[in-house]
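Read the structure below first, then the notes.
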Number of protein chains: 2
Amino acid sequence: MTEQRHILDESLQLRESGAGTLTGQAPTGYGNMVGVFGGNTAAVLVQAAWQHPDRQGEPVGVTVNFASPLAPGDFSVMPRIIRTNRSTQHFAIEIHQNEQPTTTATAVFANRSETWSSTEASIPDVPPADQVPVVAPLPVAWAQNYELRFVAGALPEFVEFDSQVGQSPESTTTMWIRDWPERPLDFAAVAAICDTFYPRVFLRRGQAVPAGTVSMTVYFHVGSDVLAAQGSNPVLATASATTFNRNYFDQQAQIWGTDGTLLATSHQLVYFKA
Amino acid sequence: MTEQRHILDESLQLRESGAGTLTGQAPTGYGNMVGVFGGNTAAVLVQAAWQHPDRQGEPVGVTVNFASPLAPGDFSVMPRIIRTNRSTQHFAIEIHQNEQPTTTATAVFANRSETWSSTEASIPDVPPADQVPVVAPLPVAWAQNYELRFVAGALPEFVEFDSQVGQSPESTTTMWIRDWPERPLDFAAVAAICDTFYPRVFLRRGQAVPAGTVSMTVYFHVGSDVLAAQGSNPVLATASATTFNRNYFDQQAQIWGTDGTLLATSHQLVYFKA
């Protein structure tokens, strides 16, 4: 374990500023091609609900809609409890910057109990993380905050606009990933990891094209105890698209723990032009 | 084509009642085990955004959170435009009944253009609809509004609470389905069809157990022109779960047109007790 504090913890420092509003600061260290890494925004939204004084339970589902880019710097976030039931609680959340809404979200929290359980999805058959080389971060600031090991579907080398390097017949990327410097896994970190896949259309087209997520949903399939047991070990993250058509494609992702537990599934709708 | 009007059209009659609020009436004909069929609620939310006077484009993504059951009868729905960009528009929507919020939703609308397109998912290999027998509706009121032909994963017969009829090793249901009486397909109808699968846990456990959707997301992969071309022909709908754990399972679904076009994908998070 390093003693360096991860930038994620910095970005999750949300301060009460009255009337149910929290204020935070999006770090430049999470910069993306445009604005701030959406995964960090998802993490902030989870955190905002988490620290609501009347919060009940743990997150089971969160949907984030990226209405406009969030710039590095100050923002406010308003987690509003819509309804609290016996075992579930529903939030509607908005992020504003310069008094304009940039992001809408909904979240469902729940008190979970042990039940019958079964995982139908199969974990990808891959070598353990320590047998896969760490690659240089993707050419965006936020990627510096992760340790990344591609197992399949690495970002095509030398991807540039207008430079086609070879199309791929399918859009799957599988990678071992963890926060870097090492940081114990929690719900906020999982939400962020769900957004760490570069756009699937880059892989299919063999080139970078304009692309940006408009909506992302994350379902958490375990509790904080299971995330805590994962510690700061790499998780296995895999994603692919179902279809690309008329400016949009979808992405489905799975996040697996080191011990083969399915921690989360995620879905995105992504704008593209190609 | 029949001349009988489908109850869906009745339920989509939303009347302006001032201050951006619409009022509607949930028909008893869409009754579910508890409250009203969530698919109809999803359809109403799509319709509410659709008829907003400043609406731009067509729906590409919608997320519905079922905070509490909607009872048959009057409700109000408030579609609020959060932000309108050059090609996208973001909505936050709430349904209230008896002055309490029952449902939250977000929706993304977009102006789409022709692009490179590719579908990676494979359409299930099934016989055409007219070679599959129509089954009696599921034992809930809303199912009477559909014509249903199970290809795989039919509701286990004689499912009753406490009567186990045989567990299934996997949770896939595939079916041909259309509105009945026949009705041309539109976005509202597709959103509703995404919620027509009986709970996956019934299939896995071979028995009915307490279950209910807490959140559903629908991504539309085609425009209204493609839906119009589908007309009132049956669509092929397939769904399965990824994992069941601690009171929740997920469901991923695909809705295919008769000509093999992927019309929509959908995801749910479902509460269960087993």
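The values are calculated or read from the model by the stated rules, or taken from the named source; none is laboratory data. Because the structure is a prediction, the values reported are computed rather than measured. Cβ: placed from backbone, ideal geometry, glycine included. Neighbour counts: every protein chain shown. Accessible surface is based on the protein model in full, side chains and every heavy atom, while ligands, DNA and RNA are left aside. Shrake-Rupley method; radii C 1.70, N 1.55, O 1.52, S 1.80 Å.
Quick one: grab the alpha carbon gyration tensor of the protein assembly as shown, order the square roots of its eigenvalues as a ≥ b ≥ c, and give me rounded if a/c is under 1.5, else prolate or oblate depending on whether a/b is larger than b/c.
Judged from the Cα gyration tensor, the protein assembly as shown comes out rounded (a/c under 1.5).
Just the protein heavy atoms count here, and of the accessible area of the range A:85-154 at 1.4 Å, carbon and sulfur take up 48 percent.
Picking from B:Q207, B:Q131, B:Q89, which is most flexible by a Gaussian network model of chain B using Cα springs under 10 Å? With Cα springs under 10 Å in chain B, the top fluctuation among B:Q207, B:Q131, B:Q89 is at B:Q131.
Quote the charge dipole size of the range B:1-125 about the Cα centre in Debye, to the nearest 20; the model charges only the Cβ of Lys and Arg (+1) and of Asp and Glu (-1).
Its charge dipole is roughly 360 debye.
Simple point charges give the picture: +1 on the Cβ of Lys and Arg, -1 on the Cβ of Asp and Glu, and for the protein assembly as shown a dipole about the Cα centre of about 400 debye.
Calculate, in nm to one decimal, what B:D125 and B:A154 gain on full extension: separation in residues at 0.36 nm each, minus their alpha carbon distance. Walk me through the numbers before you get to the answer.
On the way: separation 29, 0.36 × 29 = 10.44 nm, distance 1.63 nm.
Contour length minus the Cα-Cα distance gives 8.8 nm.
Of interest is the spacing of the C-alpha centroids, which for the range B:49-87 and the range B:171-217 amounts to 21 Å. The calculated 222 nm mean residue ellipticity attributable to helices in the protein assembly as shown amounts to -3500 deg cm²/dmol, summing -39500 (n - 2.57) over DSSP H runs of n ≥ 4 and dividing by all residues. Peptides B:135-143, A:60-68, B:239-247 ranked from most to least packed by the mean count of surrounding Cβ atoms within 10 Å: A:60-68, B:239-247, B:135-143. Residue ranges A:120-128, B:265-273, A:169-177 sort as B:265-273, A:169-177, A:120-128 when ordered by packing (mean number of other C-beta atoms within 10 Å per residue, highest first). With each label modelled as a point 7 angstrom along the Cα→C-beta vector, the A:V135-B:S17 pair spans 5.4 nm. Among B:A92, B:G39, B:L12, whose Cα sits farthest toward the positive end of the charge dipole of the range B:1-110 (+1 at Cβ of Lys/Arg, -1 at Cβ of Asp/Glu, about the Cα centre)? Projecting each Cα onto the dipole axis, the largest value belongs to B:A92.
Label the range B:165-274 by shape, choosing from rounded, prolate and oblate, from the square roots a ≥ b ≥ c of the eigenvalues of the Cα gyration tensor; if a/c is under 1.5 it is rounded, and otherwise prolate applies when a/b is larger than b/c, oblate when it is not. Prolate shape, in that a/c is at least 1.5 and a/b is the bigger ratio.
Taking packing as the residue-averaged number of other Cβ atoms within 10 angstrom, the listed peptides A:71-77, A:113-119 run from highest to lowest as A:71-77, A:113-119. Electrostatic tally near A:T265: other residues with Cβ closer than 15 Å to its Cβ, Lys and Arg +1, Asp and Glu -1, net -2.
With the other protein chains left in place, how much accessible area per residue, in square angstrom, belongs to the range A:72-112 at a 1.4 angstrom probe?
Per residue, the range A:72-112 has an accessible area of 39 Å².
With a sphere of radius 14 Å drawn around the Cβ of A:S11, what net charge do the other residues whose Cβ falls strictly inside it have (Lys, Arg +1; Asp, Glu -1)?
Neighbourhood net charge equals -3.
Near A:L22, once Lys and Arg are set to +1 and Asp and Glu to -1 for all other residues with Cβ below 12 Å from its Cβ, the sum equals -1. For the residues of A:73-82, the average number of beta carbons from a partner chain within 10 Å of their own beta carbon is 1. Computed about its Cα centre, the charge dipole of chain B is approximately 640 debye, with only Lys, Arg, Asp and Glu carrying charge at their Cβ. Inter-chain neighbour count for A:84-96: the average number of beta-carbon atoms from partner chains within 10 Å of each residue's beta-carbon is 3. Between the residues A:S215, A:V151, A:S266, the greatest Cα displacement towards the positive end of the dipole of the range A:139-274, with unit charges on the Cβ of Lys, Arg, Asp and Glu, is found for A:S215.
Look at the stretch A:104-117: the mean tally of other chain Cβ atoms within 10 Å of its residues' Cβ atoms is 6.
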